[in-house]
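Here is the structure we will look at.
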Amino acid sequence: MDTRDTLLDIFSELQFESREIDDSTRLKAELGIDSTELAEISVAIEQRFPIVVDDGELQRLETFGDVIKYIETARYQQL
Amino acid sequence: MTRVVLTGVGAVTPAGVGAGPLWERVVSGRSCIRRIDRFDPASYRCQVAGQADAFAAKDWLAGRFMKRTDRFTHLAVVAAEAACRDAGLVVDSAEGTRPERVGLMVGNVLGGWEFAEQELRDLWAHGSKEVSPYQATAWFPAAPQGNICIRLGIKGRARTFVCDRASGAYALIHAAETIVRNQADAVIAGGTEQPLSPYAWLCCQTGGFLTAAGNAQPQAAYRPFDHRHGGTVIGEGSVFLVLESYEHARGRGANILAELTGWALNTDGYMPYYTSEPHGRTLSAAIQRSLDRAGITAAELGCVLADGSGVPREDAAEVLAIKAALGTRAGRIPVTTAKAAFGHLLGSAASADVAIAAQMMTLGLIPPVANLDQPAAGFDLDFVTAAPRTAAGLRHVLVISRGLGGVNACLVLSR
């Protein structure tokens, strides 16, 4: 699966409705994700991708698409 | 003085979802207590409980809410919201009651152990990263309070009470006093409990009040005041009530189900701490004070809805207390208890009892005590057994709620 599909899968496992989500979806403003749920997402990303997540950077991201870019950049940088 | 009235009921119990199934179960006189199947009870002394099997949280609540809360919060949220709908109470500055004037009082004993146990197992087996970030907010006893306030937009006084099986009664009494002191126009009050997980059940077992004699016949296990009483059977569930000032209820045209006219609290303070004062003297005083507050005498009391824990020494003390408080009327006032039909709901026991007491007065009907085949020796009260008893014109019901450590709470409901 590519990054987008895997991330959608993570969100689905965390009980998000995947039909609500595309790249422009805003994490806090539209999905209402708070810091605790972000911690959950961070752990799930680390379990599914071979990267270490910087929680400070993650919480500054605005959209679902930003998270995809973050993961792909981290994968490249942490090779 | 401000009058406190009951305008709505919401219930999720072993009898089913809704106040209707709860009443039907109690009036049937048959118990729905069953062998536990939420975990394997084989290694426990008491293997039976009241399970709210008709309630599947996923039918009511979003996944994102459920993943961060324990079932005791699921039960509470659904019951509290149902109570508001039943009362027609809208928490809204523009369209209903101002949020700052609505309160919430919750009784709970155990917190959310089903959630917490799983996370503790993950902690020891896999390390701290495997522990849900919601562990702290899911377990603690005030989780239902927080979640209900958020969902309903309540901004008035809110509090959670933990005093064993009288927790819910404390919540109801504090709700009433909050209204009397004009600190709220309406208070949603009740309790919630979900004891069906291995560790929570172990805590209850070591509490020493569960019956070990009911495993072979679960429906016959809980036998308050019966000569074969051997302890309590507990259950999961949540019942919430909407209490309001009379003026506020009338002003918005609410349907008034009953009035909370009297209440009293005291504590046995008896050693050892896990017993209650055996002659019921302190409880008797609480009964008397609650009647005094209601402005009625024993002669005017229509029924006692007893605590009925089924623990022999507690049943005995309660009988003695009722006899002492009601004097010459003691043998002529019908006495019943509802818990044997569906289980003692711990933090939600008192609110379930008040809901049932209100229905008793509405219908003029007193349900029988399930499994009371023959009262224990010396229990010479007028117990309602075998079949419901008509009581046209039933106007005042005394509800007794007691907890470990000798906590006594009495409420008088009137119509």
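How many of the residues making up region B:271-295 are surrounded by fewer than 17 Cβ atoms within 10 Å (Cβ to Cβ) and within 18 Å of B:PRO312 (Cα to Cα)?
Total satisfying the criteria: 7.
Pick from B:THR261, B:THR275, B:THR267: which is at pLDDT below 95 and closer than 23 Å to B:ALA176 by Cα?
Working: B:THR261 fails: at pLDDT below 95; B:THR275 fails: closer than 23 Å to B:ALA176 by Cα.
B:THR267 is the lone residue from the list that is at pLDDT below 95 and closer than 23 Å to B:ALA176 by Cα.
Which of the residues belonging to region B:125-147 are among the hydrophobic types (A, V, I, L, M, F, W, C) and either in contact (Cβ under 8 Å) with a residue 60 or more places away in the chain or within 10 Å of chain A (Cβ to nearest Cβ) (or both)?
Hits for region B:125-147 are B:VAL131, B:ALA136, B:ALA138, B:TRP139, B:ALA143.
The conditions are (1) surrounded by fewer than 23 Cβ atoms within 10 Å (Cβ to Cβ); (2) within 29 Å of B:GLY207 (Cα to Cα), and B:THR2 fails exactly one of them. Which is it?
Among (1) surrounded by fewer than 23 Cβ atoms within 10 Å (Cβ to Cβ); (2) within 29 Å of B:GLY207 (Cα to Cα), the lone unmet condition for B:THR2 is (2).
Quick check on my filter: what residues within region B:150-186 are in a loop (DSSP other than H, G, I, E, B) and of a type in the set (Asp, Glu)?
Selection gives B:ASP164, B:ASP185.
Among (1) at pLDDT 95 or above; (2) buried (at least 20 other Cβ atoms within 10 Å of the Cβ), where does B:THR390 come up short?
Of (1) at pLDDT 95 or above; (2) buried (at least 20 other Cβ atoms within 10 Å of the Cβ), only one is false for B:THR390: (2).
Hey, B:CYS204 hits all of (1) in a loop (DSSP other than H, G, I, E, B); (2) modelled with pLDDT under 95 but one; which does it fall short on?
(1)
Looking only at region B:55-74, count every residue that is touching a Gly at 6+ places or on another chain (Cβ under 9 Å) and within 14 Å of another protein chain (Cβ to nearest Cβ) and tell me the total. I'd like the intermediate steps shown before the answer.
In the first step, residues of region B:55-74 are kept if they are touching a Gly at 6+ places or on another chain (Cβ under 9 Å); the result is B:55, B:64, B:69-73.
Subset that is within 14 Å of another protein chain (Cβ to nearest Cβ): B:64, B:69.
Going through region B:55-74 one residue at a time, the tally reaches 2.
Go through region B:60-95 and give me each residue that's in a helix (DSSP H, G or I), within 21 Å of the chain's Cα centre (by Cα) and farther than 30 Å from B:TYR246 by Cβ.
Kept after step one, since they are in a helix (DSSP H, G or I), are these residues of region B:60-95: B:63-66, B:71-87.
Next, only the ones that are within 21 Å of the chain's Cα centre (by Cα) stay: B:71-87.
Listed by number, the residues that qualify are B:ARG71, B:PHE72, B:THR73, B:HIS74.
Would you be able to tell me the number of residues in region B:290-312 that are in a helix (DSSP H, G or I) and over 18 Å from B:ARG395 (Cα atoms)?
Within region B:290-312, residues that are in a helix (DSSP H, G or I) and over 18 Å from B:ARG395 (Cα atoms) number 1.
Being acidic (Asp, Glu) and in a loop (DSSP other than H, G, I, E, B) is the filter here; which residues of region B:368-398 pass it?
B:ASP373, B:ASP380
Since B:GLY8 meets every condition but one in (1) in contact with a Cys (Cβ under 9 Å, 6 or more places away or on another chain); (2) surrounded by fewer than 24 Cβ atoms within 10 Å (Cβ to Cβ), which condition does it not meet?
Going through (1) in contact with a Cys (Cβ under 9 Å, 6 or more places away or on another chain); (2) surrounded by fewer than 24 Cβ atoms within 10 Å (Cβ to Cβ) one by one, B:GLY8 breaks only (2).
Could you tell me whether A:ALA74 is more than 14 Å from chain B (Cβ to nearest Cβ) and surrounded by 13 or more Cβ atoms within 10 Å (Cβ to Cβ)?
Details: more than 14 Å from chain B (Cβ to nearest Cβ): yes; surrounded by 13 or more Cβ atoms within 10 Å (Cβ to Cβ): yes.
Spelling it out, A:ALA74 is indeed more than 14 Å from chain B (Cβ to nearest Cβ) and surrounded by 13 or more Cβ atoms within 10 Å (Cβ to Cβ).
Which one of B:ALA330, B:ALA325, B:ALA341, B:ALA370 is in contact with a Lys or Arg (Cβ under 6 Å, 6 or more places away or on another chain) and crowded, with 24+ Cβ neighbours inside 10 Å?
Result: B:ALA341 is the single residue among B:ALA330, B:ALA325, B:ALA341, B:ALA370 that is in contact with a Lys or Arg (Cβ under 6 Å, 6 or more places away or on another chain) and crowded, with 24+ Cβ neighbours inside 10 Å.
Can you give me the number of residues within region B:74-96 that are more than 16 Å from B:ILE150 (Cα to Cα) and hydroxyl-bearing (Ser, Thr, Tyr)?
0
Filtering region A:1-58 down to residues that are of a type in the set (Ser, Thr, Tyr) and exposed (fewer than 13 other Cβ atoms within 10 Å of the Cβ), which residue is farthest from the other protein chains (Cβ to nearest Cβ)? Reasoning before the result, please.
Residues of region A:1-58 that are of a type in the set (Ser, Thr, Tyr), as a first pass: A:3, A:6, A:12, A:18, A:24-25, A:35-36, A:42.
Those still in the list that are exposed (fewer than 13 other Cβ atoms within 10 Å of the Cβ) too: A:18, A:24, A:35.
On the way: A:SER18: 12, A:SER24: 20, A:SER35: 9 Å.
Restricting to residues being of a type in the set (Ser, Thr, Tyr) and exposed (fewer than 13 other Cβ atoms within 10 Å of the Cβ), the top hit is A:SER24.
Take region B:70-109 and flag every residue that is in contact (Cβ under 8 Å) with a residue 40 or more places away in the chain, out of contact with any Leu (no Cβ under 8 Å at 6 or more places or on another chain) and hydroxyl-bearing (Ser, Thr, Tyr).
Across region B:70-109, the qualifying residue is only B:THR73.
Based on this model, can you work out whether B:LEU110 counts as part of a loop (DSSP other than H, G, I, E, B), of a type outside the set (S, T, N, Q) and more than 14 Å from every other protein chain (Cβ to nearest Cβ)? Working first, answer last.
On the way: part of a loop (DSSP other than H, G, I, E, B): yes; of a type outside the set (S, T, N, Q): yes; more than 14 Å from every other protein chain (Cβ to nearest Cβ): yes.
Yes, satisfied.
Tell me which residues, restricted to region B:36-59, are under 22 Å from the mean Cα position of the chain (by Cα), hydrophobic (A, V, I, L, M, F, W, C) and either part of a loop (DSSP other than H, G, I, E, B) or surrounded by fewer than 16 Cβ atoms within 10 Å (Cβ to Cβ) (or both).
B:ILE36, B:CYS46, B:ALA52, B:ALA54, B:PHE55, B:ALA56
Residues are listed down the side, and each one gets a yes or a no for (1) over 14 Å from the mean Cα position of the chain (by Cα); (2) crowded, with 24+ Cβ neighbours inside 10 Å; (3) among the polar types (S, T, N, Q); (4) outside the structural domain of B:TRP23 (by TED's automatic domain parsing):
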position: B:GLY347; (1), (2), (3), (4): no, yes, no, yes
position: B:MET360; (1), (2), (3), (4): yes, yes, no, yes
position: B:GLY364; (1), (2), (3), (4): yes, no, no, yes
position: B:PHE379; (1), (2), (3), (4): yes, no, no, yes
position: B:PHE383; (1), (2), (3), (4): yes, no, no, yes
position: B:LEU404; (1), (2), (3), (4): yes, no, no, yes
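Restricting to region B:238-254, what's the tally of residues that are surrounded by fewer than 19 Cβ atoms within 10 Å (Cβ to Cβ) and touching a strand residue (DSSP E or B) at 6+ places or on another chain (Cβ under 7 Å)?
1
The values are calculated or read from the model by the stated rules, or taken from the named source; none is laboratory data. These figures come from a predicted structure and were not determined experimentally. With ideal geometry, Cβ positions are generated from the backbone for all residues, glycine too; neighbour counts draw on all protein chains shown.
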